[in-house]
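The values are calculated or read from the model by the stated rules, or taken from the named source; none is laboratory data. What you see is a predicted model; the values in this text were computed from it and never measured. Here the Cβ positions follow ideal geometry from the backbone for every residue, glycine too, while neighbour counts run over all protein chains shown. Side chains are part of the model used for accessible areas, which takes the heavy atoms of the whole protein and leaves out ligands, DNA and RNA. Shrake-Rupley method; radii C 1.70, N 1.55, O 1.52, S 1.80 Å.
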Amino acid sequence: MTTDVLLFGAFPYVAMALFLVVSIQRYRKNAYTVSSLSSQFLEAKQLFWGSVPFHLGILVLFFGHLIGFLIPRQVALFGAVPLRLLIMEVTGLTAGLLALWGCVLLMLRRMTHPRLKAVTSPVDKALYALLLFQIVTGLWVALFYRWGSAWYVQTLVPYLRSVFTFQPNLAVMAEMKLIPRLHVIGAFTLIAVFPFTRLMHVLVAPLPYLWRRPQLVLWNRARAEGAPRSETLR
Amino acid sequence: MDVRSQVSMVFHLDKCIGCHTCSIACKNVWTDRKGAEYMWWNNVETKPGTGYPTKWEDQDHYGGGWEASNGLVQLRTAGRYRGLTNIFHNPKLPVIDDYYEPWTYRYQDLFDAPAGDDQPTARAISMLTGKPMEITAGPNWDDDLGGSPLYAAKDPNLEAMSPAERAQLFEIERLVFFYLPRICNHCLNPACVASCPSGALYKRGEDGVVVLNQERCRAWRHCVSACPYKKSYFNWSTGKSEKCILCYPRLETGQAPACFHSCVGRIRYLGILLYDADRITELAGKSDTELVDAQRQLILDPHDPKVIAAARAGGMHDSVLEAAKKSPVYKFVKDWGLALPLHVEYRTMPMLFYVPPLLPVLGRAESGTYDTSTPDLFGALDQSRLPIEYLARLFAGGNVGKVRFALKKMMAVRYLRRQETVGDLKPEQIEAMLAEAALSRGEADEIYRLTSLPTFEERFVIPPSHREEAIAALDDPLEFKGAAGLGFREPPRRAL
């Protein structure tokens, strides 16, 4: 029980505090390092087959988990029809397999190309291991603890929400099987290490590009009052 | 009218001797660092040739620049939607092998090798992996037509010529090449700026220099693929893109950029051009052959009172207007029509202009002797060894007339000078040539003077950058000490 208190009662807060404080601090003090060091310039072909499925899979999984967390009642109701539940399960499993495929390929790629060793740090290796662990435990849950999209919103989401209301409901986690418990611990570990790794690039996803002016012109001095400010292209 | 000023450049190719001094000056100042070994912000290519990176002009392959469709100008393969959907893998990004794998030599072996029958050698060591490597490409691998069946024959610009012309090009009697020094064009419609998802690239309002904020660069690499000139480079070690900054710390202190300053042949000119920022979109959408004229329309006359009034209204300093009036670039581009933009059909409105080279005439191998003499003293333009179509493809979007106009003028100046220094030509012939080139004697003299005898101050007319106006007078100057200038305040270490 004491381990449960540490792992599911205390650790989530440590993880989220680290995430918030260190992310903001790193962005403010060392914005230079906030990106994912791209290796496409050194090896482009295998990257395509690894990076694209990995990212697509991870994005689907991330938003799937997030939607379940935000609107559990609606998701539960949606999954009440067997066909819809099946669709959710198949979508999740496919995304998981895509992420697994991508992650494994990216790891093999890093290991086999001598040029990539020059741009792979120990932190990168640890992060790959952690991501693989998370994907494998997730797939394990999907395969052997069937209909996760139904029970996730009934059991885990209440726990996660209880964490956010600062009254962690440990009873739910105590009833969980080992693999789902590992998956939850892995998730909070990822959140904890997030600001120390290249995962930081998620926070600077270039969404403002969708609405900013295409051409940027910066003036050193203030322009005269009423001076035209036309930018060159739509 | 939104009048802005742009530091612009002219390279006089008739004077370039291909010595690469500019490249070395730039390399020593800016790119002698880890991750930047392969970068040549300034490089000199042999034309015909595939260039650096290999076949950079082949936009079907690299997908750089803009394309015009229905009056709209759009990035070819980058931009909001295509750029963001390719964010996990950029299909048009060149890889390091398109440039070359940087290497050094294991020099210590020359000292440490045990005594033996053979001389010790220093093996090539890859600067990526630190392991021995076979060198298969390097900077200027096809310099002076080296390996021309492999390299020069694949020049994308040769498409402008017929197969017969192409075959003849590599016959030994016709062999011809010229040098093309290239730096960032500091375009008016830069594809790199428009393609950067992070907004790290920007154009400086006062002088138009295109720079990249390394603190904001997030390694999406779209500038590298979007720049049709491949003048934005990816540093594989720091994970940041880098590009030519036109030595702005030198410009701001009134000095010419390192490559300009060091140019042995004095082929480079630098000065201000005024342009109307409101008309860029409209004029960038013209058809390929109209683009040279469209770009010249964009450039405004600094003597025109209306332009001066609009510039002042926009806050332009009088010293900049004065510099614009004295700009050698304005004379070459607008007054004389001698200087042309490189690949204007990429629609970035490049602000680096080239005076096309007067290439040697066609030779004949008759009765065992090689003869290049022609009835004309310097040979006729249409007998030039490299067809004008080739030059038009490079410098005029295929508009042969623009190149012919420039070459005719240069030829007329050449004849005039011959007459004045040697005096063996008929005055009527000179008058006829000047008339055909639409050239007055005064203008011919001016061209001659600025081409052959210019002083340092005439070649480089750099307006003061008025940093004092950017920093309020009452601010503590020590606060800004070390804030402008070279290098990083912290080493560019990634660590994580």
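Among the candidates B:Thr54, B:Thr129, B:Thr121, which residue alone is closer than 25 Å to A:Leu116 by Cβ, more than 14 Å from every other protein chain (Cβ to nearest Cβ) and modelled with pLDDT under 95? Before you say what the answer is, go through the steps one by one.
On the way: B:Thr129 fails: more than 14 Å from every other protein chain (Cβ to nearest Cβ); B:Thr121 fails: closer than 25 Å to A:Leu116 by Cβ.
Being closer than 25 Å to A:Leu116 by Cβ, more than 14 Å from every other protein chain (Cβ to nearest Cβ) and modelled with pLDDT under 95 holds for just one of B:Thr54, B:Thr129, B:Thr121, which is B:Thr54.
Say we look at segment B:6-27 and pick out the residues that are assigned to a helix (DSSP H, G or I) and at pLDDT 95 or above; which of these is most open to solvent (accessible area, probe 1.4 Å)?
Just the residues of segment B:6-27 that are assigned to a helix (DSSP H, G or I), to begin with: B:13-15, B:21-27.
When the remaining residues are screened for being at pLDDT 95 or above, the result is B:13, B:21-27.
Values: B:Leu13: 7, B:Thr21: 47, B:Cys22: 13, B:Ser23: 4, B:Ile24: 83, B:Ala25: 22, B:Cys26: 13, B:Lys27: 25 Å².
Ranking the candidates gives B:Ile24 first.
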**OP:** Would you be able to tell me the number of residues in segment B:207-251 that are of a type in the set (D, E, K, R), free of Cβ contacts under 8 Å to residues at least 40 places away in the same chain and within 11 Å of chain A (Cβ to nearest Cβ)?
**Re:** 3
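Regarding B:Asp288, is this residue surrounded by fewer than 22 Cβ atoms within 10 Å (Cβ to Cβ), under 30 Å from B:Asp98 (Cα atoms) and at pLDDT below 95? It would help to see each step written out before you state the result.
Details: surrounded by fewer than 22 Cβ atoms within 10 Å (Cβ to Cβ): yes; under 30 Å from B:Asp98 (Cα atoms): yes; at pLDDT below 95: yes.
For B:Asp288, the condition - surrounded by fewer than 22 Cβ atoms within 10 Å (Cβ to Cβ), under 30 Å from B:Asp98 (Cα atoms) and at pLDDT below 95 - is met.
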Original post:
B:Ala115: part of a helix (DSSP H, G or I), out of contact with any strand residue (DSSP E or B) (no Cβ under 7 Å at 6 or more places or on another chain) and away from chain A (no Cβ under 14 Å), yes or no?
Top reply: no
Original post:
Can B:His261 be described as away from chain A (no Cβ under 14 Å), assigned to a loop (DSSP other than H, G, I, E, B) and surrounded by fewer than 23 Cβ atoms within 10 Å (Cβ to Cβ)?
Top reply: no
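Name the residue that is surrounded by the most Cβ atoms within 10 Å (Cβ to Cβ), counting only residues in segment B:139-154 that are at positive phi and not aliphatic (A, V, I, L, M). Spell out how you get there, then give the answer.
Restricting attention to segment B:139-154, the residues satisfying the condition of being at positive phi are B:140, B:144-145, B:147.
Checking the rest, the ones that are also not aliphatic (A, V, I, L, M) come to B:140, B:144, B:147.
Numbers: B:Asn140: 18, B:Asp144: 11, B:Gly147: 13.
Of everything passing the filter in segment B:139-154, B:Asn140 is surrounded by the most Cβ atoms within 10 Å (Cβ to Cβ).
Given B:Pro94, B:Pro120, which one is open to solvent by 50 Å² or more (accessible area, probe 1.4 Å), outside any strand (DSSP E or B) and of a type outside the set (Ser, Thr, Tyr)?
Working: B:Pro94 fails: open to solvent by 50 Å² or more (accessible area, probe 1.4 Å).
Selected residue: B:Pro120, the only one of B:Pro94, B:Pro120 that is open to solvent by 50 Å² or more (accessible area, probe 1.4 Å), outside any strand (DSSP E or B) and of a type outside the set (Ser, Thr, Tyr).
Among the residues of segment A:63-89, which ones are loosely packed, with under 13 Cβ neighbours inside 10 Å and under 22 Å from the mean Cα position of the chain (by Cα)?
Going through segment A:63-89, the residues loosely packed, with under 13 Cβ neighbours inside 10 Å turn out to be A:63, A:66, A:70, A:73-74, A:77, A:80-83.
Hits for segment A:63-89 are A:Phe63, A:Leu66, A:Leu70.
Limited to segment A:76-93, what total is found for residues that are part of a helix (DSSP H, G or I) and touching a helix residue (DSSP H, G or I) at 6+ places or on another chain (Cβ under 8 Å)? It would help to see each step written out before you state the result.
Filtering segment A:76-93 for residues part of a helix (DSSP H, G or I) gives A:76-78, A:82-93.
From what's left, touching a helix residue (DSSP H, G or I) at 6+ places or on another chain (Cβ under 8 Å): A:76, A:78, A:84-85, A:88-89, A:91-93.
Count: 9.
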Original post:
Out of curiosity, is A:Gln74 within 30 Å of B:Lys34 (Cα to Cα), out of contact with any Leu (no Cβ under 6 Å at 6 or more places or on another chain) and not aliphatic (A, V, I, L, M)?
Top reply: no
**OP:** Starting from segment A:166-186, take each residue that is under 22 Å from A:Ala17 (Cβ atoms) and list its partners that are among the acidic types (Asp, Glu), counting only C-beta distances under 8 angstrom and pairs at least six apart or across chains.
**Re:** A:Leu170/A:Asp4; A:Met173/A:Asp4
Subject >> The lone exception for B:Arg216 - which of (1) part of a loop (DSSP other than H, G, I, E, B); (2) more than 19 Å from the chain's Cα centre (by Cα); (3) under 30 Å from B:Asp318 (Cβ atoms) it fails >> reply: (3)
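Residue by residue through segment B:64-85, note down the ones that are polar (S, T, N, Q) and either farther than 13 Å from A:Pro206 by Cβ or in contact (Cβ under 8 Å) with a residue 60 or more places away in the chain (or both). Steps first, answer last, please.
Step one: list which residues in segment B:64-85 are polar (S, T, N, Q), which gives B:69-70, B:74, B:77, B:85.
Listed by number, the residues that qualify are B:Ser69, B:Asn70, B:Gln74, B:Thr77.
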Original post:
In segment B:171-193, is there at least one residue being open to solvent by 10 Å² or more (accessible area, probe 1.4 Å), part of a helix (DSSP H, G or I) and either closer than 27 Å to B:Gly65 by Cα or out of contact with any Cys (no Cβ under 6 Å at 6 or more places or on another chain) (or both)?
Top reply: yes
Original post:
In segment A:1-55, how many are over 18 Å from A:Leu127 (Cβ atoms), charged (D, E, K, R) and part of a helix (DSSP H, G or I)?
Top reply: 4
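So is B:Asn157 more than 14 Å from every other protein chain (Cβ to nearest Cβ), buried (at least 19 other Cβ atoms within 10 Å of the Cβ) and either basic (Lys, Arg) or part of a helix (DSSP H, G or I) (or both) or not? Explain how you work it out, then say what you get.
On the way: more than 14 Å from every other protein chain (Cβ to nearest Cβ): yes; buried (at least 19 other Cβ atoms within 10 Å of the Cβ): yes; either basic (Lys, Arg) or part of a helix (DSSP H, G or I) (or both): yes.
Criteria met by B:Asn157.
Restricting to segment B:55-91, what's the tally of residues that are open to solvent by 30 Å² or more (accessible area, probe 1.4 Å) and under 17 Å from B:Pro197 (Cα atoms)?
11
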Original post:
For segment A:116-155, how many residues meet the condition of being open to solvent by 50 Å² or more (accessible area, probe 1.4 Å) and among the hydroxyl-bearing types (Ser, Thr, Tyr)?
Top reply: 1
Original post:
Pick from A:Leu156, A:Leu132, A:Leu143, A:Leu170: which is more than 30 Å from B:Ser126 (Cα to Cα), more than 14 Å from every other protein chain (Cβ to nearest Cβ) and modelled with pLDDT of 95 or more?
Top reply: A:Leu132
Subject >> Lone unmet requirement of (1) within 8 Å of chain B (Cβ to nearest Cβ); (2) crowded, with 19+ Cβ neighbours inside 10 Å; (3) of a type in the set (A, V, I, L, M) for A:Val52 >> reply: (2)
